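Student: My questions will all concern the structure given below.
The values are calculated or read from the model by the stated rules, or taken from the named source; none is laboratory data. Since we're looking at a predicted model, the values are computed, not measured. Cβ: placed from backbone, ideal geometry, glycine included. Neighbour counts: every protein chain shown.
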Amino acid sequence: MFPILQIGPLAIQTSGVIIISGIWMGLTLAERFSPTFQKEPNTYANLVFIVIFSGIIGGRITYVFRYIEVFIGSPMNIFSLNPGLLDLSGGIAVGMIAGLIYGNRKSLFLLSTLDAYTFFFGVMFTAIALAQLASGDAYGLETKLPWGIELWGIKRHPTQIYTLLASLAILVILWTRKNSENQPNQQNGSTFFSFTAMSSASRLFLDAFRADSDLIFSSIRTSQLIAWLFLAVSLWGLKKILTNSIQLN
């Protein structure tokens, strides 16, 4: 693990640097591969920053409410720059709500907008996995397998690396599909739903190796339940898109 990047007297959170780099790389790919960005660059760039800013604020607020007793004793920690003090699920939810409100005001079409951001999402999933590897978050269960890593005094599944490899594989699939297929009549939403289906399926499988998952009813992993929901919605969306395409043809 490499949580701190020491540059002279400065101690910088490595995970924060990785996330910022991921945002830049994701936007660069999205702008390159989506003609939607080229039509309205300012609108789509503003949407990104609104979602990110709202997500950070929302992630911190939900984290504070989850561990309110800790922050009551040290209220200044609410303004800490530590990215570990963010609730990922809460941040995503708030960011999505803010993005939907902005998109509605700008009359953006939902499915084409989601397609435009698919490469951004893919790069961010990869960056999050790298950030978790650097910080030691999202650690795995104990294992005796030879590729296990020592963490917190125990040899564990390298779940961060599993997630990283899965995210990279999904990006390669999307990249290959984008470069090899000429689909002028491709239905809006198909790229995004394909990405979410693959990402949800990988999350559903890989979270079984994590040791830090939240449980409901003492046995059901919250993250896997959410992954099941996203997978079902994605497959339903792909089916609807395929059905409409067949009818149009």
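Student: Out of region 117-141, which residues are at negative phi and in a loop (DSSP other than H, G, I, E, B)?
Tutor: Tyr117, Asp137, Tyr139, Leu141
Student: Inside region 82-136, can you point out the residues that are more than 13 Å from Tyr44 (Cα to Cα), without any contact (Cβ under 8 Å) to a residue 60 or more places away in the chain, surrounded by fewer than 19 Cβ atoms within 10 Å (Cβ to Cβ) and over 14 Å from the mean Cα position of the chain (by Cα)?
Tutor: Residues satisfying the conditions are Leu85, Ile97, Ile101.
Student: Next question, about the same structure. Residue under question is Ala138, and the condition is that it be among the hydrophobic types (A, V, I, L, M, F, W, C), under 23 Å from Gly16 (Cα atoms) and touching a strand residue (DSSP E or B) at 6+ places or on another chain (Cβ under 8 Å); does it hold?
Tutor: yes
Student: Closer than 20 Å to Ile23 by Cβ and not aromatic (Phe, Trp, Tyr): which single residue out of Asn77, Asn104, Asn82 fits that description?
Tutor: Asn82
Student: Looking at Phe65 and the list (1) in a helix (DSSP H, G or I); (2) touching a residue at least 60 places away in the same chain (Cβ under 8 Å); (3) not acidic (Asp, Glu), which single condition is not satisfied?
Tutor: Only one criterion is unmet by Phe65, namely (2).
Student: Just the residues that are modelled with pLDDT under 85 and over 30 Å from Gly90 (Cβ atoms), please, taken from region 176-223.
Tutor: Arg177, Lys178, Asn179, Ser180, Glu181, Asn182, Gln183, Pro184, Asn185, Gln186, Gln187
Student: Let me ask something else. Kindly evaluate Leu114 against the criterion of being modelled with pLDDT of 90 or more and either closer than 23 Å to Ser223 by Cα or not in a loop (DSSP other than H, G, I, E, B) (or both).
Tutor: In short, no.
Student: Looking at Asn42, Asn77, which is the one that is under 23 Å from Asp212 (Cβ atoms), more than 21 Å from the chain's Cα centre (by Cα) and part of a helix (DSSP H, G or I)?
Tutor: The unique qualifying residue is Asn77.
Student: State which residue pairs qualify: first residue modelled with pLDDT under 90 and inside region 137-165, second residue part of a helix (DSSP H, G or I) in any location, beta carbons under 6 Å apart, and separation of 6 or more residues or different chains.
Tutor: Ala138/Gln132; Ala138/Thr159; Ala138/Gln160
Student: Could you run through region 195-227 and say how many residues are in contact with a helix residue (DSSP H, G or I) (Cβ under 7 Å, 6 or more places away or on another chain) and surrounded by 14 or more Cβ atoms within 10 Å (Cβ to Cβ)?
Tutor: 19
Student: Here is a follow-up. Working only within region 90-105, note down all residues that are small (Gly, Ala, Ser) and within 13 Å of Ile52 (Cα to Cα).
Tutor: Listed by number, the residues that qualify are Gly90, Gly91, Ala93, Gly95, Ala98, Gly99.
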